[in-house]
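Worksheet for the structure shown next.
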Amino acid sequence: MDITIHSSFLPHDDPDAALRFYRDILGFEVRNDVGYEGMRWITVGPPGQPGTSIVLHPPGVDPGITDEERRTITEMMAKGTYGGVNLATKDVDGTFDKLQAAGAEVVQEPIDQPYGVRDCAFRDPSGNMIRIQQLA
């Protein structure tokens, strides 16, 4: 089989803040920005990797979701426990310094993990965990 990861989904509670983080701070390209009934779905991805994207979407808009489920999602987003993505870079320390200087919310400074990677972590404006690890 020839299977690739095309897109992953992360919720946002403020599309403009999400756009500023992923486009202006992480440097991702905006591939799509679709509005519908006052909501926005924004597709972003790393330059030079047109086949891999993150779709930033309004939380809890799936058909059939209950108000209680929507509240749970919102609460988990606020705690940073609902969504996340792992990214990789050739220079985790330099990337950390740039993101911190741009005002990204630091969760973990770069450290060598006992499982063999060096990584750091941030939260995006909606609370999603963004881990960045050093490429080998």
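Read the figures in this text as sums done on the coordinates, not as results from a lab. Remember, it's a predicted structure, so these values are computed and weren't measured experimentally. Positions of Cβ are backbone-derived with ideal geometry, glycine not excepted, and every protein chain shown enters the neighbour counts.
Taking the Cα of ARG23, stepping 7 Å toward and past its beta carbon, and measuring to each backbone N in region 78-93: which are under 15 Å? Answer for this model: none.
For GLN133, neighbours were defined as the other residues whose beta-carbon sits under 13 Å from its Cβ, and their charges (Lys and Arg +1, Asp and Glu -1) total -1. Between VAL85 and ASP62, the simple label model (points 7 Å from Cα in the Cβ direction) yields a spacing of 1.9 nm. For region 1-130, dividing the convex hull volume of the Cα atoms by the residue count gives 147 Å³ per residue. For the peptides 49-62, 25-38, 120-133, residues were scored by their other Cβ atoms within 10 Å and the scores averaged per peptide; the highest-first order is 120-133, 49-62, 25-38.
Ordering PHE9, TYR82, GLY45 by Cα displacement along the dipole of the chain toward the positive end leaves GLY45 in first place; charges were set at the Cβ atoms of Lys, Arg (+1) and Asp, Glu (-1). Calculate, in whole percent, how much of the Cα-Cα pair population of region 29-93 lies beyond 15 Å. For region 29-93, the fraction of Cα-Cα distances above 15 Å is 66 percent.
What's the extension gain from ASP93 to ARG70 if we count 0.36 nm per residue and subtract their Cα-Cα distance?
Values: separation 23, 0.36 × 23 = 8.28 nm, distance 3.66 nm.
Length gained between ASP93 and ARG70: 4.6 nm.
On average over all directions, what projected area in square nanometres does region 87-136 have, based on the convex hull of its Cα atoms?
On the way: hull surface 13.0 nm².
Average of the hull's projected areas for region 87-136 equals 3.2 nm².
This model, with +1 at the C-beta of Lys and Arg and -1 at the C-beta of Asp and Glu, gives the chain a dipole about its Cα centre of some 220 debye.
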